[in-house]
Amino acid sequence: MRHSKRLDRIPPYLFAELERKIAAKRAEGVDVISLGIGDPDTPTPALVLEALFEGARDPATHQYPSNRGRPEFREAVAAFYERRFGVPLDPETEIIPALGAKECIFNLNLAFLDPPDAALASDPGYPVYTGGPLLAGAEAVLLPLLSERGFAPELEAVSAAERERGRLLYLNYPNNPTGAVAPDGLFEQAVEFARENDLLVVHDASYTETTFDGYVAPSFLATPGAKDVAVEVFSLSKGYNMTGWRTAAIVGNADAIAAYWRLKTNVDSGMFEAVQLAAVAALEHGAEAARETTAVYQRRRDLVCTALAEIGVEVTPPRGTIYIWAPVPEGHTSASYCELVLEESGVVLSPGAAYGPNGEGFFRISLTVPDDRLLEAVERLRSSLGG
Ligand SMILES: *Cc1c(COP(=O)(O)O)cnc(C)c1O
């Protein structure tokens with residue numbers, strides 16, 4: 001059947017491929033341990049479920065929601081941003097619910113890019129920063145994230161032609177897949193860069209609530225002048241174990257949010273209002289539950305880093321996210337290593353190259369399986385390494 005050319009422009013979504021491979025292995029009877037997808041394994045906090053049940057009992061939530069979101073939702077996000085980040089937001093104009101950060105990021109491309117515009121996107125980075133622009137008929141300009149620069153993009157190195165075409169700049173700290181936290185001075189530099197080049201910064205705040213060793217992640221919007229040039233996408237997926245719920249909010253620059261809203265009224269019909277009320281409960285009362293989940297990830301991080309060191313794989317323990325970003329053994333590409341590991345040991349890893357050319361030479365471990373399975377996976381890796 002014929003499909004659009006725009007669809008042919010993007011590579012198959014990495015995790016769709018992984019899911020197929022895992023299913024095939026399981027069908028062969030292999031006990032697969034998937035460290036591929038970053039999807040929390042522990043349940044959504046009970047207080048969030050209770051709020052959903054209560055909200056769902058009210059028939060008023062059964063009708064089409066408003067795309068602007070319920071006042072309670074917008075006010076809860078504003079109060080959270082003030083309390084947590086010291087960032088004041090106007091609930092009327094600076095906050096809108098999104099059906100997950102993924103939906104929001106994708107649709108921002110449709111709202112802001114025309115050919116030959118481009119989005120400046122981290123390499124390696126979350127695949128939607130590059131796939132989204134392509135599906136919008138535009139381009140992605142890759143900004144290498146290198147460990148020697150603390151995984152900060154080198155904005156000074158963006159060429160005049162790229163600055164001319166660039167309309168969006170995607171940033172994401174704490175960072176998937178590298179686990180890096182916001183490098184000193186980068187946010188200030190990005191505000192300046194956006195001003196000079198008239199582009200919108202989109203900060204993906206999917207992991208601000210998942211940090212370790214006492215590190216507290218800032219909001220991009222806490223940077224002086226940020227609200228003039230930036231929006232932030234705050235997702236509840238990872239921090240509150242709510243990936244299945246599709247709950248996020250876009251906050252920040254009112255004009256950008258109005259454009260997103262205008263687009264969105266043509267695309268979907270908003271977030272189930274009972275889910276909005278559940279998100280309110282998470283934002284108002286979920287801090288303790290989020291801390292408990294984070295403690296689990298910190299423990300698993302330590303467990304995996306130690307076990308990897310024992311088999312000769314040196315990694316920097318990340319201060320945030322739910323991932324370990326590790327170098328592939330010599331003599332392998334990231335794809336060949338991940339394939340070998342899956343074949344030989346039934347462990348699914350994400351090949352770094354799937355996140356961009358500069359992800360080559362790395363693989364990503366997701367800490368979203370129980371401790372004993374995580375240890376078993378690292379033990380199986382030992383044999384794949386011939387150790
Ligand atoms: C998981 C993830 C997302 C997706 O978040 P949803 O709110 O579940 O759509 C977005 N960005 C990054 C960097 C992620 O790791």
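The values are calculated or read from the model by the stated rules, or taken from the named source; none is laboratory data. Predicted model, so just to flag it, every value in this text is computed and none were measured. Please note: Cβ atoms are built from the backbone with ideal geometry, for glycine as well, and neighbour counts cover all protein chains shown. For the accessible areas, the whole protein counts, side chains as well, though only heavy atoms, and no ligand, DNA or RNA atoms are used. Shrake-Rupley method; radii C 1.70, N 1.55, O 1.52, S 1.80 Å.
Couple of notes before you dig in:
- Wholly within the stretch 74-145, strands (runs of 3 or more DSSP E) carrying at least 2 residues that are away from the ligand (no atom under 15 Å from the Cβ) and under 25 Å from residue 223 (Cα atoms): 118-123, 139-144
- Answer residue from the stretch 122-148, given it is open to solvent by 30 Å² or more (accessible area, probe 1.4 Å) and under 23 Å from residue 316 (Cβ atoms) and is nearest to the chain's Cα centre (by Cα) among those: 126
- Flag if residue 280 is within 15 Å of the ligand (Cβ to nearest atom) and either open to solvent by 10 Å² or more (accessible area, probe 1.4 Å) or assigned to a helix (DSSP H, G or I) (or both): no
- Output for the stretch 1-44, where each listed residue is in contact with a Lys or Arg (Cβ under 6 Å, 6 or more places away or on another chain) and in a loop (DSSP other than H, G, I, E, B): 32
- Taking the criterion of being assigned to a helix (DSSP H, G or I), among the hydroxyl-bearing types (Ser, Thr, Tyr) and in contact (Cβ under 8 Å) with a residue 24 or more places away in the chain, the residues of the stretch 323-374 that qualify are 334, 337, 345, 355.
- Residue match in the stretch 149-156 (condition: farther than 26 Å from residue 328 by Cβ, open to solvent by 10 Å² or more (accessible area, probe 1.4 Å) and in contact (Cβ under 8 Å) with a residue 40 or more places away in the chain): no
- Residues in the stretch 189-225 that are of a type outside the set (Val, Ile, Thr), more than 22 Å from residue 128 (Cβ to Cβ) and touching a residue at least 40 places away in the same chain (Cβ under 8 Å): 212, 213, 215, 218, 222.
- Among the numbered conditions (1) buried (at least 22 other Cβ atoms within 10 Å of the Cβ); (2) under 13 Å from residue 34 (Cβ atoms); (3) under 24 Å from the mean Cα position of the chain (by Cα), the only one that residue 362 does not meet is (2).
- Residue in the stretch 158-167 that is closer than 21 Å to residue 259 by Cβ and either open to solvent by less than 10 Å² (accessible area, probe 1.4 Å) or not charged (D, E, K, R) (or both) present: yes
- Taking the criterion of being out of contact with any strand residue (DSSP E or B) (no Cβ under 9 Å at 6 or more places or on another chain), open to solvent by less than 50 Å² (accessible area, probe 1.4 Å) and either without any contact (Cβ under 8 Å) to a residue 12 or more places away in the chain or in a loop (DSSP other than H, G, I, E, B) (or both), the residues of the stretch 291-322 that qualify are 309, 311.
- Residue check for residue 267: β-branched (Val, Ile, Thr), within 16 Å of the ligand (Cβ to nearest atom) and either more than 19 Å from the chain's Cα centre (by Cα) or in a helix (DSSP H, G or I) (or both): yes
- Annotation: residue 325 fulfils all but one of (1) modelled with pLDDT under 95; (2) surrounded by 22 or more Cβ atoms within 10 Å (Cβ to Cβ); the unmet one is (1).
- Looking only at the stretch 251-264, residues that are within 16 Å of the ligand (Cβ to nearest atom) and either surrounded by fewer than 22 Cβ atoms within 10 Å (Cβ to Cβ) or more than 15 Å from residue 220 (Cβ to Cβ) (or both) come to 2 in all.
- Close contacts from the stretch 166-182, counting a first residue that is aromatic (Phe, Trp, Tyr) and a second that is away from the ligand (no atom under 13 Å from the Cβ) and in a loop (DSSP other than H, G, I, E, B), with Cβ to Cβ under 6 Å and a gap of 6+ residues or different chains, come to 173/181; 173/182.
- The set of residues in the stretch 89-121 being open to solvent by 10 Å² or more (accessible area, probe 1.4 Å) and not hydrophobic (A, V, I, L, M, F, W, C) consists of 90, 91, 92, 93, 94, 102, 103, 114, 115, 116, 117.
- For the stretch 146-203, the candidate set comprises residues that are in a helix (DSSP H, G or I) and of a type in the set (S, T, N, Q); within that set, the residue that is farthest from residue 216 (Cα to Cα) is 197.
Yes/no per residue for (1) closer than 25 Å to residue 358 by Cβ; (2) outside the structural domain of residue 129 (by TED's automatic domain parsing); (3) within 16 Å of the ligand (Cβ to nearest atom):
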residue: 172; (1), (2), (3): yes, no, yes
residue: 178; (1), (2), (3): yes, no, yes
residue: 183; (1), (2), (3): yes, no, no
residue: 199; (1), (2), (3): yes, no, no
residue: 205; (1), (2), (3): yes, no, yes
residue: 221; (1), (2), (3): no, no, no
residue: 227; (1), (2), (3): no, no, no
residue: 244; (1), (2), (3): no, no, yes
residue: 249; (1), (2), (3): no, no, yes
